[in-house]
Amino acid sequence: MKCLVYVLGLIEYGESCRMQRQLMRMRMADSIPDVLLLLEHPPTLTVGKTGRIENILTSAEQLRKEGISLFFSDRGGDVTYHGPGQMVAYPILSLKNRGKDVHLYVHNLEEVVIRTLKDFAIDADRDKNHPGVWIDRKEIAAIGLRIEKWTTMHGLALNVNSNLSHFSLINPCGFTERKVTSMSKILGREMSMETVISRFIPHFSEIFETVMESGSPA
């Protein structure tokens, strides 16, 4: 199977959702192969379908002052933060030939992140009760999905050089007692996003058994 990879840089959240929906419709129609979008967002809070607005711990006025946008998303999950320095991966995949197994899909996304982090000597693991990737009960990668007719959109967010102070504005993923971390915080140095992406792509290819080809949106 083939998967097109679009490395897009900084993209506004609403624009990325419109792009994903268009690609999702095309994938459902089998007019395109699988697609992997890799990008960053400007500072943004998103509230998932099961999200609770009280998990945003500040006012709309304060968000405006901080230059942080707010979106209500059609992904699963609660409240999360996106911002520069965070690698966001949005796979638009058909699960019809992948067993139609959502739990396996989430497991595989987690595995891609775990193996990527291992390349940088960071040991991470799963929490059987909570999706995502964790290090000592601190979340380094969050997962939130939408699956329609066995086609995926949304995906995962890996904290590479993220501004972790912005997570104090929310209960991340609805957690009140757990914290977040990033690759740069663990390693004590700024990370090259390009280098992280260059390790993420081959692990994605291996785990999802697909041939990756560079592309760009029409």
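The values are calculated or read from the model by the stated rules, or taken from the named source; none is laboratory data. The structure displayed is predicted, hence computed values, not measured ones. Here the Cβ positions follow ideal geometry from the backbone for every residue, glycine too, while neighbour counts run over all protein chains shown.
Under 7 Å between Cβ atoms, which residue pairs at least 6 apart in sequence (or on different chains) link something in segment 68-85 that is among the charged types (D, E, K, R) with a partner that is in a strand (DSSP E or B)?
Asp74/Arg146; Arg75/Gly144; Arg75/Leu145; Arg75/Arg146; Arg75/His154
Can you tell me which residue is farthest from the chain's Cα centre (by Cα) among those in segment 1-33 that are among the hydroxyl-bearing types (Ser, Thr, Tyr) and either in a helix (DSSP H, G or I) or closer than 16 Å to Gly155 by Cα (or both)?
Going through the qualifying residues, I end up with Tyr6.
Could you give every pair whose Cβ atoms fall below 6 Å, whose first residue belongs to segment 133-154 and is closer than 19 Å to Leu39 by Cα, and whose second residue is of a type in the set (Ser, Thr, Tyr) and in a loop (DSSP other than H, G, I, E, B), counting only separations of at least 6 or pairs across chains?
From segment 133-154, the pairs are Ile140/Thr181.
So which of Leu63, Leu104, Leu36 is touching a helix residue (DSSP H, G or I) at 6+ places or on another chain (Cβ under 8 Å) and either in a helix (DSSP H, G or I) or free of Cβ contacts under 8 Å to residues at least 24 places away in the same chain (or both)?
Leu63
Glu139 versus (1) crowded, with 19+ Cβ neighbours inside 10 Å; (2) under 23 Å from Ala29 (Cβ atoms); (3) touching a helix residue (DSSP H, G or I) at 6+ places or on another chain (Cβ under 7 Å); (4) of a type in the set (D, E, K, R): which is the lone unmet condition?
Among (1) crowded, with 19+ Cβ neighbours inside 10 Å; (2) under 23 Å from Ala29 (Cβ atoms); (3) touching a helix residue (DSSP H, G or I) at 6+ places or on another chain (Cβ under 7 Å); (4) of a type in the set (D, E, K, R), Glu139 violates only (2).
Looking only at segment 131-153, which residues are acidic (Asp, Glu), over 16 Å from Leu45 (Cβ atoms) and either under 11 Å from the mean Cα position of the chain (by Cα) or in a strand (DSSP E or B) (or both)?
Glu148
Looking at the structure I just gave you, is Leu156 crowded, with 21+ Cβ neighbours inside 10 Å and either assigned to a helix (DSSP H, G or I) or modelled with pLDDT of 95 or more (or both)?
Yes; evaluated as a whole, the condition is true for this residue.
Here is a yes/no grid of residues against (1) closer than 24 Å to Met193 by Cβ; (2) among the small types (Gly, Ala, Ser); (3) surrounded by 18 or more Cβ atoms within 10 Å (Cβ to Cβ):
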residue: Met26; (1), (2), (3): no, no, no
residue: Phe72; (1), (2), (3): no, no, no
residue: Val88; (1), (2), (3): yes, no, yes
residue: Pro91; (1), (2), (3): yes, no, yes
residue: Tyr105; (1), (2), (3): no, no, yes
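Assess whether Ile197 counts as being surrounded by fewer than 20 Cβ atoms within 10 Å (Cβ to Cβ) and within 30 Å of Gln22 (Cβ to Cβ).
Here the answer is yes, as Ile197 does meet what is asked.
Within the set of pairs 6+ apart or on separate chains, which have a first residue in segment 15-33 that is at negative phi, a second that is surrounded by 14 or more Cβ atoms within 10 Å (Cβ to Cβ) and aromatic (Phe, Trp, Tyr), and C-beta atoms under 6 Å apart?
Hits for this filter: Gln20/Tyr90.
What is the residue count in segment 107-130 for residues that are assigned to a loop (DSSP other than H, G, I, E, B) and surrounded by 14 or more Cβ atoms within 10 Å (Cβ to Cβ)?
Residues that pass the stated criteria total 4.
If Ile56 meets every condition in (1) over 21 Å from Glu139 (Cβ atoms); (2) touching a residue at least 60 places away in the same chain (Cβ under 8 Å) apart from one, which number is that one?
It is condition (1) that Ile56 fails.
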